[in-house]
Amino acid sequence: MNTTPRLESAIKKLYTAFHNNTLNPECCQQCAVGNILDNTDSWKHLSDDHGALTLNYVGRVNQTLGRKFNGYTPLELLQIEHTFLKACGFQVPLHFKNNKPKDTTDKGVLFHGLSNVIAFLCRLDNVKNIMDYTKLFEIENDKPKYQLV
């Protein structure tokens with residue numbers, strides 16, 4: 001499957017974080033965007049609230065200047081994080097009074113969040129969703145239409 005360099009890089013980083021237990025939705029360095037940006041938290045200065053979709057002054061300036069962080073614009077980064085947090089079950093933007101999952105680092109919660117993020121990343125790059133497994137269940141004449149390789 002053809003992917004873009006930024007998509008390939010992001011998926012590798014998210015995959016590694018998931019399997020190394022270094023994916024934490026509540027930490028700006030270990031959330032989806034934090035991992036995509038090499039475990040830095042400088043991206044948090046693009047918005048006033050973690051999980052918000054609104055760029056603040058710094059974010060708007062960077063967006064207007066065409067600045068990209070590991071291939072992603074400031075607005076795309078906010079959308080990625082928003083997608084991740086919502087899919088993990090958080091009420092966004094994050095706030096200690098807002099709803100969140102009981103176990104924020106549960107593998108099932110994180111997998112659901114990552115699945116949604118990867119689907120979003122694929123849409124950003126006009127690539128077919130690599131997480132789509134529905135073809136595995138297509139049948140033709142009561143037999144699987146496609147074979148596992």
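The figures follow:
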{"read-out": "Conditions (1) modelled with pLDDT under 95; (2) open to solvent by less than 80 Å² (accessible area, probe 1.4 Å); (3) not β-branched (Val, Ile, Thr); number of the one not met by Lys143", "value": "(2)"}
{"read-out": "Sole residue being surrounded by 18 or more Cβ atoms within 10 Å (Cβ to Cβ) and either touching a residue at least 60 places away in the same chain (Cβ under 8 Å) or over 17 Å from Gln29 (Cα atoms) (or both), chosen from Asn56, Asn62, Asn70, Asn99", "value": "Asn62"}
{"read-out": "Residue in the range 124-139 that is open to solvent by less than 20 Å² (accessible area, probe 1.4 Å) and either of a type in the set (Phe, Trp, Tyr) or without any contact (Cβ under 8 Å) to a residue 24 or more places away in the chain (or both) present", "value": "no"}
{"read-out": "Single match in Leu85, Leu77 (criterion: in contact with a Phe, Trp or Tyr (Cβ under 6 Å, 6 or more places away or on another chain), buried (at least 20 other Cβ atoms within 10 Å of the Cβ) and under 23 Å from Phe18 (Cβ atoms))", "value": "Leu77"}
{"read-out": "Residue check, Phe96 farther than 20 Å from Lys12 by Cβ and at pLDDT 95 or above", "value": "no"}
{"read-out": "Which numbered condition Lys12 misses (of (1) open to solvent by less than 40 Å² (accessible area, probe 1.4 Å); (2) closer than 27 Å to Ile130 by Cβ; (3) of a type outside the set (Ser, Thr, Tyr))", "value": "(1)"}
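The values are calculated or read from the model by the stated rules, or taken from the named source; none is laboratory data. All figures in this text were calculated on a predicted structure; none of them were measured in a lab. Positions of Cβ are generated from backbone atoms using ideal geometry, with glycine treated the same way; all protein chains shown enter the neighbour counts. Accessible surface is based on the protein model in full, side chains and every heavy atom, while ligands, DNA and RNA are left aside. Shrake-Rupley method; radii C 1.70, N 1.55, O 1.52, S 1.80 Å.
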